[in-house]
Amino acid sequence: MGSAEVGGGGECRDCHDVLGFVWLYLDHEAPPTTCEELEAHLLECEHCQRAVRFDRRFKQLVRRCADSPEPVPTTVVESLRIRVERTILRGNSSPS
């Protein structure tokens, strides 16, 4: 991944690489060296910290819904889909 050099917009040049490994990292499936590099990057990059927090919360929500004894109502699924779509269209993929 390399060093974290900050560029415009709060993102550094390694953010794309880091964000490509977030789910593997959160699921403890990334190689140890990748985890070490990602954690070093996260210490300095607020943009990626926010993205990791968002993904962690998202995965927790999905897990909680999957563990629910009742199916998630269609209205809730549709509402979530619309919110995610709007967030992506705004270009803000990691709300705080």
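Can you give me the solvent accessible area of ASP67 with a 1.4 Å probe, rounded to the nearest 10 Å²?
Number for this one is 120 Å².
Could you work out the relative contact order of the range 14-96, using alpha carbon pairs under 8 angstrom and six or more residues apart, expressed as a whole percent?
Details: 32 pairs, mean separation 27.0, N = 83.
Once divided by the residue count of the range 14-96, the mean separation gives 33 percent.
How charged is the neighbourhood of GLU78? Take every other residue with its Cβ under 15 Å from the Cβ of GLU78, and add Lys/Arg as +1 and Asp/Glu as -1. It would help to have the intermediate numbers written out before the result.
Working: positive: ARG81, ARG83, ARG86; negative: GLU85.
Net charge in that neighbourhood comes out at +2.
Expressed as a whole percentage, what fraction of the accessible surface of the range 16-96 belongs to carbon and sulfur atoms when a 1.4 Å probe is rolled over the protein heavy atoms? List each step's numbers first, then the result.
Numbers: 3440 of 6110 Å².
Within the range 16-96, the accessible surface is 56 percent carbon and sulfur.
Using packing as a proxy for protection, rank 72-84, 46-58 so that the peptide with the highest average count of other Cβ atoms within 10 Å comes first.
46-58, 72-84
What length, rounded to one decimal in nm, is gained on full extension from ARG86 through to GLU29, with 0.36 nm per residue of separation minus their alpha-carbon distance? Write down the numbers at each step before the final one.
On the way: separation 57, 0.36 × 57 = 20.52 nm, distance 3.00 nm.
Result for the pair: 17.5 nm of gain on full extension.
The values are calculated or read from the model by the stated rules, or taken from the named source; none is laboratory data. Values in this document were obtained by computation on a predicted structure and should not be read as measured data. For neighbour counting, all protein chains shown are included, and Cβ atoms are generated from backbone atoms with ideal geometry for every residue, glycine included. To get the accessible areas, we keep the full protein, side chains included, count just its heavy atoms, and leave off ligands, DNA and RNA. Shrake-Rupley method; radii C 1.70, N 1.55, O 1.52, S 1.80 Å.
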